[in-house]
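J.: Quick one: structure below, then a few questions.
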Amino acid sequence: MAETDLQAWVGRSEVLTDTVTAFPARALAATLNQADAADLTDGATLPAIWSWLYFLPLAPMSNVGADGHPRRGGFLPPVELPRRMWAGSRCSELSSIRIGERIERTSTITSVAEKTGGAGSMVFVTVAHEVRADGRLVLREEQDIVYVGIPERFSPPPATALPACDWSEPVAVDPVLLFRFSALTFNGHRIHYDRTYATEVERYPALVVHGPLQAILLFDAACRRAPASAPASAFTFRGMRPLFDTDQVTLNGRAGENGGIDLFTANGEGAVGMKASLLWGGS
């Protein structure tokens, strides 16, 4: 569609409601190898970004496209470029949510921009989310979604070298982890679990590690090293380069500005997959 047509989606809003139930939280905690997964019962607190487990798009199978995503249109603009990715987010005013709470998310499309780069034509859609739990604000998020074409052959962006870090830990991004996260977030995009589709249709070399999975893994690793009694207050992340289930992936961190922490995922060659930063309350 022409950019003037896509601009008609700017300003569109939707409001979704849900309840913070225990099972998705327990399942994610188990997927992250957290020992207290069984303790997540009514009243237990969860990070605000775990709201990504809720408000899921329940498109009927008749409305699912060949890539596994819901067909274009509806709340998001009907961009014709075939590959859609969650490129990054800027999260602020973080607060805990609790199992049993009623949550509400107001989403507004704030911009639609068409650009041309090394990957050809691209369309960037920014969506502002505001999440409230039993009426109190627990998360503001600006989410960037990018649409691009599928290349004739896979050509990754230039590698950004992993900087010197204070700590590093390996994480096994095998097909089971990718499948479980896809199921938890009701994400049908076939690049994460269907190797034939990922390699022959979208021309990736292997299964693709989800952007929000990398973000949650980095957030969890940082919180395990958090200063005492210092909850996260702001979290940003941006995808730099795809990671695959065949990669030897590490989670890495170092001291950042304002008492925060800089975070990175990287492959076995030391190329950064995702760059993130986290600030603690009061930082």
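The values are calculated or read from the model by the stated rules, or taken from the named source; none is laboratory data. Keep in mind it's a predicted model, so treat the numbers as computed, not measured. Reconstructed Cβ throughout: ideal geometry from the backbone, glycine too, with neighbour counts over all protein chains shown. When the accessible area is computed, the model is the full protein with side chains, heavy atoms only, and any ligands, DNA or RNA have been set aside. Shrake-Rupley method; radii C 1.70, N 1.55, O 1.52, S 1.80 Å.
J.: At a Förster radius of 35 Å, what calculated FRET efficiency corresponds to the Cβ-Cβ distance of Thr21 and Ala161, to the nearest 0.05?
T.: Working: r = 42 Å, r/R0 = 1.20.
About 0.25, to the nearest 0.05.
J.: In nm, give the distance between the simple-model label positions of Arg153 and Gln7, each being 7 Å from the Cα along the Cα-to-Cβ direction.
T.: Output for this residue pair reads 4.0 nm.
J.: If you take the beta carbon distance between Phe186 and Thr116 as r and set R0 to 35 Å, what does 1/(1 + (r/R0)^6) give as a FRET efficiency, to the nearest 0.05?
T.: E(calc), rounded to 0.05, equals 0.60.
J.: May I pose another question? Along each principal axis of its Cα atoms, how long is the range 172-283 end to end? Whole angstroms, biggest number first, please.
T.: Principal-axis extents of the Cα atoms in the range 172-283, largest first: 48, 30, 19 Å.
J.: Tabulate in residue order the Karplus-calculated ³J(HN,Hα) for the range 58-72, using 6.51 cos²θ - 1.76 cosθ + 1.60 with θ = phi - 60°, rounded to whole Hz; enter x for Gly and Pro.
T.: So the Karplus estimates, Gly and Pro as x, are 9, 6, x, 4, 5, 10, 9, x, 5, 7, x, 7, x, 4, 5 Hz.
J.: Once phi is turned into ³J(HN,Hα) by the Karplus curve 6.51 cos²θ - 1.76 cosθ + 1.60 with θ = phi - 60°, what whole-Hz value does each residue of the range 156-161 show in order, with x for glycine and proline?
T.: Here the 3J(HN,Hα) series is x, x, x, 6, 9, 6 Hz.
J.: In addition: If you take the beta carbon distance between Val201 and Ala230 as r and set R0 to 45 Å, what does 1/(1 + (r/R0)^6) give as a FRET efficiency, to the nearest 0.05?
T.: 0.50
J.: Let me ask another. What is the set of long-range amide H partners of Gly281 at a cut-off below 5 Å, with H atoms built 1.01 Å from backbone N?
T.: Excluding prolines and chain starts, which carry no amide H, the hits are Ala232, Ser233.
J.: Calculate, in nm to one decimal, what Asn63 and Arg254 gain on full extension: separation in residues at 0.36 nm each, minus their alpha carbon distance.
T.: Computed gain between Asn63 and Arg254 is 64.4 nm.
J.: Further, regarding this structure: With the full set of protein chains in place, find how many percent of the accessible area of the range 48-162 is carbon and sulfur; take the probe as 1.4 Å.
T.: It is 54 percent, rounded to a whole number.
J.: While we're here: Using packing as a proxy for protection, rank 57-70, 262-275, 169-182 so that the peptide with the highest average count of other Cβ atoms within 10 Å comes first. Write down the numbers at each step before the final one.
T.: On the way: 57-70: 12.6, 262-275: 20.9, 169-182: 16.0.
Highest mean packing first, the order is 262-275, 169-182, 57-70.
J.: I've got another one for you. Please give the per residue accessible area of the range 240-283, computed with a probe of 1.4 Å over protein heavy atoms only, in Å².
T.: Numbers: 1780 Å² over 44 residues.
Per residue, the range 240-283 has an accessible area of 41 Å².
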